[in-house]
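Below: the structure, in structure tokens.
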Amino acid sequence: MGRILGEVGRAAIHLLAASALAFFIVRAMPGDPAVLLLLAQGQAADPATVAALHAQWGLDRSLPGQYAAWLGDFLAGDWRTSFRTGRPIFEEFAARLPVTLTVGFGAFALALGVAGPLAEAAAARPHGWQDRVLDAATLGAQAVPGFWLGCLLIWVFAVELRAIALFEAGPQRYVLPIAVVALAVLGPLAQVYRAGLREVARSDYVRAALARGAPRARVVAQQGRRYAALGLLSTAAAEAGTVVGGTAVVETVFGLPGIGQFVVDSIAVRDFFVLQAFFMVAVAWMLLASLAARLARRLVAPGGFCDVAP
């Protein structure tokens, strides 16, 4: 019970710090949202209209007063209204959440499904083709921007080959976006898992098993999975931000109406409350993913690293 209360207390402190950080970073952005919105709508940004919008949105108060009012409303479930659309932000996020989760979780599941077998094959055959494929995929994902890869895939599969109807409703619309995000996540997951397997492969008992003629691939996989999974879980928690925050570029490139695209559009008009709410959702998701990873690590190795380390 004490450990659970400690986890909850730390999470609450992190969220409170994140709320202050989100508020003041967003407010430090250049540009007046009232002026930008009026110009975007083709209206004159005269001082009287700007002042009226400030009063309507509560931007005429002091910054500490604005922060306290916004935080109180946010914790009470009122995420305020979008300057740009005029709709409640919670409803805007809820309507777009299925698209973002489909891309994020789909990419994460695909990356996890490929990372395990690829890392085991690479660890079993150092300098083999699987090892080189893993290194090339990791380097490529780091070197190639997601928007460039997305445009390339659109040109190849939707324009030249006409294999995917990109802008028609249906599951095929998500194939390329999921592939782009999965490639970015695959490298770190597989690299950490392979490193754990190789560490186990250097242990005395694995070398003894190999000396007795046991197949290297089977010995490394059987003896190393539990230990390597610990590192994989930590990396997966760090990469879990992709599910919420890593899809913005992909949603914009592929024209998917998800939360990421909504946030990108909101940046242009400094839609403060949207950006602050998104920051809070992303931090809360990362805290949840980190907690889930720690619980999973305890299930994998209840006694800690010493139980499974080579």
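The values are calculated or read from the model by the stated rules, or taken from the named source; none is laboratory data. Note that this is a predicted model, so its numbers are computed, not measured. Please note: Cβ atoms are built from the backbone with ideal geometry, for glycine as well, and neighbour counts cover all protein chains shown. All accessible areas refer to the heavy atoms of the entire protein, side chains included, with ligands and DNA or RNA removed. Shrake-Rupley method; radii C 1.70, N 1.55, O 1.52, S 1.80 Å.
Restricting attention to segment 145-171, which residues are under 21 Å from VAL244 (Cα atoms) and surrounded by fewer than 17 Cβ atoms within 10 Å (Cβ to Cβ)?
Correct list: PRO145, PHE147, TRP148, PRO171.
Restricting the search to segment 136-175, which residues are small (Gly, Ala, Ser), more than 19 Å from THR102 (Cβ to Cβ) and in a helix (DSSP H, G or I)?
Matches in segment 136-175: ALA136, ALA137, GLY140, ALA141, ALA143.
Which of the residues that make up segment 201-235 are open to solvent by less than 20 Å² (accessible area, probe 1.4 Å) and either of a type in the set (Phe, Trp, Tyr) or touching a helix residue (DSSP H, G or I) at 6+ places or on another chain (Cβ under 6 Å) (or both)?
ALA201, VAL206, ALA209, VAL219, VAL220, ALA221, GLY224, ALA228, LEU230
Give me a count of the residues in segment 57-84 that are farther than 26 Å from ALA40 by Cα, touching a residue at least 12 places away in the same chain (Cβ under 8 Å) and not in a loop (DSSP other than H, G, I, E, B).
Result for segment 57-84: 3.
Considering only residues that are surrounded by 21 or more Cβ atoms within 10 Å (Cβ to Cβ) and more than 14 Å from the chain's Cα centre (by Cα), look in segment 179-200 and name the one that is nearest to VAL144 (Cα to Cα).
GLY187
Residue check, LEU134 against (1) open to solvent by 50 Å² or more (accessible area, probe 1.4 Å); (2) more than 21 Å from VAL244 (Cα to Cα); (3) not charged (D, E, K, R), all met but one. Which one?
So the condition that LEU134 fails would be (1).
So which helices (runs of 4 or more DSSP H) stay within segment 225-307 end to end and still have 1 or more residues that are touching a residue at least 24 places away in the same chain (Cβ under 8 Å) and more than 30 Å from ARG87 (Cβ to Cβ)?
Result: 272-300.
Using beta carbons and a limit of 9 Å, which pairs, at least six apart or on different chains, have the first residue in segment 6-21 and farther than 14 Å from SER290 by Cβ and in contact (Cβ under 8 Å) with a residue 60 or more places away in the chain and the second one open to solvent by less than 50 Å² (accessible area, probe 1.4 Å) and in a helix (DSSP H, G or I)?
SER19/TYR67; SER19/TRP70; SER19/LEU71; SER19/PHE74; SER19/GLN276; SER19/MET280; SER19/VAL283; LEU21/VAL283
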